[in-house]
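The values are calculated or read from the model by the stated rules, or taken from the named source; none is laboratory data. Computed from a predicted structure; not experimentally measured. When we count neighbours, we look across all protein chains shown, and the Cβ atoms used for this are built from the backbone with ideal geometry, even at glycine. Note: accessible area is taken over every heavy atom of the protein model, side chains too, but ligands, DNA and RNA are not part of it. Shrake-Rupley method; radii C 1.70, N 1.55, O 1.52, S 1.80 Å.
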Amino acid sequence: MNRLSTLSNPTAMNKHCIFILALIFLQTLCSAQTQITFHFNNVQADSVFIKTATSDTAISTIWSVPFKEELTFKSKTPLEPGIYWVFSDQSILDAFLISSAKDQNFTANIDTTASYTGSIENARYHQYIYETMNFEKRLAKLDEEYQEAQQRMPQYMLRVLADTLTVKAQKIKAEKVDYQRQQIQENPGTLMASIIAANIEMPNPPQELYNNRPELMKYVLQHYFDDFPWNDPRIFKTPIGFNKIKEYAQLVFSCNNPDLDSYVMETVNKSKVNEESYYTFFDGMEKIIGYHGSTFRVERLYIAMLKDMLKQPKLSDLRKRHCNYELSVIDKNHAGDIAPDFKIVTDKGDTTTLHKIQSEYMLLYLQHPTCPTCQNVRHMIADFPTLNRAIASGRLKVLTVYFEDEAEIWNNYIHSSEANPSYMHGWNFDQTISDKNLYDTRAIPYMFLLDKDKRIIVKNVDENKLEDEIKKLNILN
């Protein structure tokens, strides 16, 4: 049947179209498959591995084979977007990028350097790495020049040289940023562009801010994510995105200033440009400043983030339940509130309640006698001079409270050297603290400074700041 007769016969034409569509489908299916060929030169190893980041902490191996000079990785399922590392035994040979399900058929030649054929993005990415290393080498040379000059120049000449080298360094950094922005523009929509954006250094704060810590911290919190690609959640398929969150959360903890919380919430709002990025940012921050066992916990800010999350439209029921639960256990017992009352039996055998204990000030110490952290903190504060003088003055009492149901643990504690004789010790024998969730006892020890009316002065006192908080009470004046 010739072409003309095919076109004039509807049935034949339909069969012809179906055949063509089937071919197109098969071609598309084949093109979605992954095939990456590695050529290794000057490499000696027993095995080769391909690994990738699967979460903020986990690196998984997706392929491992005995070493050969030429190896081909094939997969019917396209690789997920992300960074992939090529290992020989325990050494990293190279890394390549995957931006999408397309363009996963290429060749990598790995020697002392690596080159890529069939992947424009990876060829450009490796050129980018080479160029940025040159910027770093130029900066290192300036540092070496200054280090050498320190050995032979007088101080007044060093100051002049330092100013000159600083100007040169700033120029090199500016050139690097210009180059990075150029690469972002030339590679739109790629993971490479997002990685470069995430790695652009924050502009140096104005010099006058270095003598004003609150203003300096404000600047850093505002500008830390200036170039971050929030609209590309693929960045969180790499360690780069998670590392930025970790660094930022630890920075927030080091500031821990309520006056700066609004700037952190500005960053939270920026992340909302993409729903997946927002949830990933929230979850990463929660693990560090929100998790009840974290040493970087900032409860006040975590509460603000939870309340903000609950305002978001289309929030899943799972996230709603999680946020509401977290708020139910931590959004209580704030400064200015009356501490919830509870019964205790004391180490003297008396039964009383928190509110019946008379004291101008009280350090309420919720703990478990055998908890290693509780023990370490007890030993630490036992040597605090301001605390001990405040106790000796009779104006402050320390009340340790065990709130679980093991009578043996309580008895062993009060008859041991762990029970400081300068303190009052109590056991919440009916477990109302836990059963009624009077306090958030997931992370212990949990300390409060209370006034004579059992009104909370400071919630969740940091043991490293306890001495300063007691000094603020002017007990010893």
remark   = Note on P313: of the conditions (1) without any contact (Cβ under 8 Å) to a residue 12 or more places away in the chain; (2) in contact with a strand residue (DSSP E or B) (Cβ under 8 Å, 6 or more places away or on another chain), unmet is (2)
ask   = Of A392, A382, A335, which residue is closer than 27 Å to E286 by Cβ and surrounded by fewer than 17 Cβ atoms within 10 Å (Cβ to Cβ)?
value = A335
message = All but one of (1) open to solvent by less than 10 Å² (accessible area, probe 1.4 Å); (2) over 30 Å from F448 (Cβ atoms); (3) in contact with a strand residue (DSSP E or B) (Cβ under 7 Å, 6 or more places away or on another chain) hold for P239; state the number of the condition that does not hold.
response = (1)
request  = Using the structure shown, decide if T352 is open to solvent by 70 Å² or more (accessible area, probe 1.4 Å) and either assigned to a loop (DSSP other than H, G, I, E, B) or modelled with pLDDT of 95 or more (or both).
outcome  = no
ask   = So, of the residues in the stretch 146-165 that are open to solvent by less than 70 Å² (accessible area, probe 1.4 Å) and not aromatic (F, W, Y), which turns out to be nearest to A198 (Cα to Cα)?
value = L165
ask   = Taking the stated definitions as given, is I330 open to solvent by less than 20 Å² (accessible area, probe 1.4 Å) and under 18 Å from D430 (Cβ atoms)?
value = no
request  = Answer yes or no as to whether K436 is charged (D, E, K, R), modelled with pLDDT under 95 and either surrounded by 15 or more Cβ atoms within 10 Å (Cβ to Cβ) or more than 14 Å from I344 (Cβ to Cβ) (or both).
outcome  = yes
task = For the stretch 379-437, enumerate the residues that are under 25 Å from P340 (Cα atoms), assigned to a helix (DSSP H, G or I), free of Cβ contacts under 8 Å to residues at least 60 places away in the same chain and in contact with a Ser or Thr (Cβ under 9 Å, 6 or more places away or on another chain).
result = I391, I409, Y413, S434
request  = Output the helices (runs of 4 or more DSSP H) that fall wholly within the stretch 244-343 and possess 2 or more residues being within 13 Å of the chain's Cα centre (by Cα), on the phi > 0 side of the Ramachandran plot and β-branched (V, I, T), or say none.
outcome  = none
ask   = Any residue in the stretch 126-148 that is under 23 Å from S55 (Cα atoms), touching a residue at least 60 places away in the same chain (Cβ under 8 Å), not in a strand (DSSP E or B) and not acidic (D, E)?
value = no
ask   = Looking at (1) surrounded by 16 or more Cβ atoms within 10 Å (Cβ to Cβ); (2) outside any strand (DSSP E or B); (3) of a type in the set (S, T, Y), can you tell me which one S55 breaks?
value = (1)
task = For I245, indicate whether it is in contact (Cβ under 8 Å) with a residue 12 or more places away in the chain and touching an Asp or Glu at 6+ places or on another chain (Cβ under 9 Å).
result = yes
ask   = So, of the residues in the stretch 90-118 that are of a type in the set (V, I, T) and open to solvent by 60 Å² or more (accessible area, probe 1.4 Å), which turns out to be farthest from the chain's Cα centre (by Cα)?
value = T117
note = Taking the stretch 202-236 and the residues there that are assigned to a loop (DSSP other than H, G, I, E, B) and farther than 13 Å from S271 by Cα, the one that is most open to solvent (accessible area, probe 1.4 Å) would be N204
inquiry  = Could you go through the stretch 107-123 and let me know if any residue there is of a type in the set (D, E, K, R), modelled with pLDDT under 95 and under 24 Å from T61 (Cβ atoms).
reply    = yes
ask   = Within the stretch 412-433, how many residues are over 18 Å from G349 (Cβ atoms) and open to solvent by 50 Å² or more (accessible area, probe 1.4 Å)?
value = 3
query = Within the stretch 461-475, is there a residue that is open to solvent by 20 Å² or more (accessible area, probe 1.4 Å), in contact with a Pro (Cβ under 7 Å, 6 or more places away or on another chain), modelled with pLDDT of 90 or more and over 20 Å from F342 (Cα atoms)?
reply = no
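Residue-by-condition table, conditions (1) at pLDDT 95 or above; (2) touching a helix residue (DSSP H, G or I) at 6+ places or on another chain (Cβ under 9 Å); (3) crowded, with 19+ Cβ neighbours inside 10 Å:
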position: Y302; (1), (2), (3): yes, yes, yes
position: K311; (1), (2), (3): yes, no, no
position: K314; (1), (2), (3): no, yes, no
position: R319; (1), (2), (3): yes, yes, no
